[in-house]
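Peer 1: A single structure is presented below for examination.
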Amino acid sequence: MVGGMFSASALYPLEVLKTRMQAEAKPSSNPQEETVTNENSSTASNNASNNGDNNNDETESNSTTNEKQTLKNQYTHAATEGMSSYASLMYQHEGGIAPFYAGVGTSAVQSATEKALYFFAYTFFKNGYVNLTGSSNIGTISNLILGCMAEWSHLPVTLPIDCVTTAIQTDDKNRGAFVLLGNILSEKGIGGFYKGIQAYTVLCLKPAIQYTVYEQVKKIVLATRRVNRAAAAGGGRSSAIVVEDESLGAAEAFLLGMVARIVATMLTYPYLRAKVMLQSTYGNAKVKPTIPQMISEQFSEGGVWGLYQGIGPELTRGVFSAALMMMVKERIGVMVRALIDGREEQQKQLINNRGR
């Protein structure tokens, strides 16, 4: 849980970039053309404003609206260019570094809670599976099913936090978490906290795919290591030695965690973007499109890139977060096993001493 909170906080600017870029819809026109149009409109309005004070007020209002629309289109075009362009625009127009940490506390709580509940649920279901089948060898399909069950089990708690976090990250009025929480509750009721839940029919596979890839490749790596060490020690007879080291090294766990996260993200990302758009862009729409309709619309408007808009910060953040988490998980596992083995050894020595 602490590891999840730390990784979420350290890589949070990438999380904000990812969410903001995912939420951007297709612009109505080129930002340069929009600027020229707005300037012409503003000039015409200024000429007409000489007729009276009411026209002056209307001109100022139109000018402000045009400026906002121009900036909005610039943001949308920047989202299609990449995270560096979008980050530069945020830094220039939103007051420096502060917007990159909007909602960091809420996100840290959500990330830590999600990871902790997922691991607890997965361990619970895994132990139940082992007890029912009598076999500790869990296949790929069984792993995926257990992972999906573990993912769905934490959604009643974590999806409302995720919804509030998305609202904070995409809010252009800089309102706080409690204000946005109250708005969601008053406008949509409890159901407002579960916007985008239909995307989890596929998104539940993401952690399942990630941990399944990790565990299955880990088994192959460890099996290969056992064979190689047995061959080196016993002239090719693997039964001549029992290898006690059943954990990955830090570098191995880091690299394997990266690969597993990339595979899971690429397979499920279009649904992740659709979920964010349901929570933000289409959040207050009277008639919301279905997830397949949104994905089809994104593809028709932007091709494959439209499906993967915002993938840069998501991969960067997700890959390093998952790799660090897996590396720490392996090291903690080694320490726990060492403590347990040391305690068992002490108990054996104590029993032997009493026997004497």
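The values are calculated or read from the model by the stated rules, or taken from the named source; none is laboratory data. Just so it is clear, the structure is predicted and the values come from calculations on it, not from any experiment. Every residue, glycine as well, gets a Cβ built from its backbone with ideal geometry; the counts of neighbours run over all protein chains shown. These area figures cover heavy atoms from the full protein model, side chains too; ligands, DNA and RNA do not enter into them. Shrake-Rupley method; radii C 1.70, N 1.55, O 1.52, S 1.80 Å.
Peer 1: What distance in nm separates the simple spin-label points at ASN183 and ALA251, each placed 7 Å from Cα in the Cβ direction?
Peer 2: Computed distance between label sites ASN183 and ALA251 equals 5.0 nm.
Peer 1: How would you rank 189-195, 17-23, 112-118, highest first, on the average number of other Cβ atoms within 10 Å across their residues?
Peer 2: Those peptides, ordered most packed to least, come out 17-23, 112-118, 189-195.
Peer 1: A follow-up question, please. Separation of segment 94-108 and segment 131-183 by C-alpha centroid, Å?
Peer 2: When both Cα centres are located, 21 Å separates them.
Peer 1: Quote the charge dipole size of segment 100-200 about the Cα centre in Debye, to the nearest 20; the model charges only the Cβ of Lys and Arg (+1) and of Asp and Glu (-1).
Peer 2: With Lys and Arg at +1 and Asp and Glu at -1, about 80 debye.
Peer 1: Next up: ILE351 to ILE141: FRET efficiency via 1/(1 + (r/R0)^6), r the Cβ-Cβ distance, R0 35 Å, to the nearest 0.05?
Peer 2: Details: r = 44 Å, r/R0 = 1.26.
Computed FRET efficiency for ILE351 and ILE141 comes out at 0.20.
Peer 1: In square angstrom, what is the accessible area per residue of segment 118-268 with a 1.4 angstrom probe?
Peer 2: In whole numbers, segment 118-268 has 52 Å² accessible per residue.
Peer 1: For labels at THR123 and GLN293 in the simple 7 Å Cα→Cβ model, what's the distance in nm?
Peer 2: According to this spin-label approximation, the distance is 4.3 nm.
Peer 1: Let me ask something else about it. My understanding is that a pair violates if its Cα-Cα distance is over 27 Å; which of LYS18/LYS188; LYS18/LYS72; LYS72/LYS288; LYS126/LYS288 do that in this structure?
Peer 2: Violating the 27 Å limit, Cα to Cα: LYS126/LYS288.
Peer 1: Right, another one. What figure, in Å² to the nearest 10, do you get for the accessible area of VAL304 with a 1.4 Å probe and non-protein molecules left out?
Peer 2: For VAL304, the solvent-accessible surface is approximately 90 Å².
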